[in-house]
Amino acid sequence: MRKMSRDEYKSKVMEITPSRLHPLLKGVYRTVFPENKSIKTAGHMESVPENLPDKHIRNVVVHPSREEMLTTIPKEGKVAELGVDEGDFSDQIISITEPEKLFLVDEWGTERYGEEKMRKVKKRFDDHTEVSIVRERSEVALNNFEDGFFDLVYIDTTHSYEQTSVELDISQRKVKEDGIIAGHDYCVGNVSRGVPYGVISAVHEFCVRENWQISHLSLETHGYRSFALEKIET
Ligand SMILES: C[S@@+](CC[C@H](N)C(=O)[O-])C[C@H]1O[C@@H](n2cnc3c(N)ncnc32)[C@H](O)[C@@H]1O
């Protein structure tokens, strides 16, 4: 008897299962057979260290949440959040760090993160004169700022190794000498959706290559942690 392919099995199972259970089955299928077309990790690459050498982690301060981590950020700075969604964390950035300027950068171009969310964000921060909304890809938007402009760039877009690497590299030029590059989802992936992330690989590779250190980490129980990086003084 001919062996059925994975997709044929999937169709058969769908056929004999009531349609109300299909969303559940799709979730299970994605977890068991993740399709990593756009989100890649980079554990296999030589440029990604297996462990970070001590000098990159010896000063790290750990916080219970990313909001607590924000309390250590100097106030009244120039800040960019890359990847905004509906602006929930933007709200936290505003109330905790009281930025002089906050640039909310997002392309809002997908089914999951579409125009509707951008409209919500516009409305939400309408009366905040310190907030500018930039509908653009993160790397394009960042490149439009002069070098050394930001006190803080917070990265929270696709979480792929490639995108995070690009964002870290550009952010390095765009933050001040003592500026901070931070970001979300310093973890191996979204377990419930079966999507691996490349943030840890990109961050560790960047730290070693460019001589930066992890200065802050948040340690939320849900595992979607944030990091903050600072240049190692030479
Ligand atoms: C996880 S959500 C951001 C969540 C938000 N920072 C928070 O904590 O509430 C990711 C966002 O990144 C945006 N995004 C993904 N890739 C992007 C890119 N290359 N440039 C700009 N925005 C991007 C998506 O449109 C989406 O709104």
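Where a number appears in this text, it was derived from the coordinates with a stated rule and is not lab data. This one's a predicted model, so the numbers in the text were calculated from it and none came from an experiment. Here Cβ is always computed from backbone atoms with ideal geometry, including for glycine, and neighbour counts include all displayed protein chains.
Please compare each pair in Lys78/Lys122; Lys120/Lys176; Lys55/Lys75 to a cut-off of 22 Å on the Cα-Cα distance and tell me which ones are over it.
In this structure, Lys120/Lys176; Lys55/Lys75 lie more than 22 Å apart at Cα.
Could you sort 212-218, 45-51 so that the peptide with the highest average Cβ count within 10 Å comes first and the rest follow in order?
Answer by packing, highest mean first, reads 212-218, 45-51.
Would you please put 59-68, 175-184 in order of how densely packed they are, using the mean number of other Cβ atoms within 10 angstrom per residue and starting with the highest?
Ranked by mean Cβ neighbours within 10 Å, highest first: 175-184, 59-68.
Go through 82-93, 161-172 and give me the packing order, highest mean Cβ count within 10 Å leading.
Averaged packing, sorted descending, gives the order 161-172, 82-93.
Hey, got the Cα dimensions of region 131-234 along the principal axes, in Å, largest first?
On the principal axes, region 131-234 reaches 40, 36, 24 Å in Cα extent.
Semi-axes of the equivalent ellipsoid of region 104-154: what are they in whole Å, largest first, if each equals the square root of 5 times a C-alpha gyration tensor eigenvalue?
For region 104-154, the ellipsoid semi-axes come out as 21, 16, 7 Å.
Please work out the C-alpha center-to-center distance from region 153-173 to region 88-106 and express it in whole Å.
18 Å
Restricting the calculation to Cα positions, tell me the Rg (one decimal) and the Dmax (whole number) of region 67-160 in Å.
12.6, 36
When the convex hull of the C-alpha atoms of region 54-231 is computed, what volume per residue in Å³ does it have?
About 110 Å³ per residue, rounded to a whole number.
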